Amino acid sequence: MNRARRGQKLFRDKEDYIYFYDLLQETSEMFNIKISAYCLMPTHYHLLFQTPEMNLARCMRHLNGVFTQRYNIQHKCDGTLFRGSYKSIPVEEGLIYSVKRGTENEPRNVAIYLMRSLRGEPLLKIGSEFKLNKHSSVSSIIERTKQKLQKDKKFKKRIEKISKLLIKGQEEILPLFLTPLCWKNR
């Protein structure tokens, strides 16, 4: 995980998200990392990945350094983009997909809640996407998220903002997939 300094936006526009995603793919190939999950938010990002070659520091230096250079050129600014070094929490391989409570799983739990509330996905399908064996685990996560939405006003605002961004993003991206592809004759 890493955050932009002084709460500024890490991703100012759609191109920043796309570039970071492409850079993350490039970094995973270059450093042989296995990405299990990622979550990109306007001011920070979360990554869940394995480093079989024990090269986390080199990988993160490349990812954050190259992104900062491109960001500074693109947005005509200079200096550091991130508020400090990345935060890493080691997770045992068997626990990566386990269901547990806590802030480490908040992005996953929000994603599960949004898949159900925005897309109406069946519990079994959501469970298989997140490697949860029981649909009751998915249902429990959704109910806990609903309860947190009722109790925590800041959390509710964040989820509403994410929902609006997802809906807006889908409205922008959908026409790209509906446009017919043109192939040149060979």
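Derivation of every value follows stated rules applied to the coordinates shown; laboratory data play no part. Since this is a predicted model, take the numbers as computed values, not measurements. Cβ coordinates were reconstructed from backbone atoms using ideal geometry, including for glycine residues, and neighbour counts include every protein chain displayed.
General remarks:
- Cleavage-rule hits, GluC sites (Glu not before Pro), segment 1-74, DSSP coil, Cβ neighbours within 10 Å at most 14: GLU53
- Working from label points 7 Å from Cα in the Cα-to-Cβ sense, the ARG83 to MET1 distance is 1.1 nm.
- Spin-label pair GLN25-LEU118: with each label point 7 Å from Cα along the Cα-Cβ axis, the two points sit 2.1 nm from one another.
- FRET efficiency, SER136 to HIS62 (Cβ-Cβ, R0 45 Å, nearest 0.05): 0.65
- A straight chain from LYS34 to GLU15 at 0.36 nm per residue would run longer than the Cα-Cα distance by 4.4 nm.
- Segment 1-149 - percent relative contact order, Cα under 8 Å, separation 6 or more: 22 percent
- Of LYS134/LYS157; LYS34/LYS87; LYS134/LYS168; LYS9/LYS76, those spanning more than 24 Å from alpha-carbon to alpha-carbon: LYS134/LYS157; LYS134/LYS168
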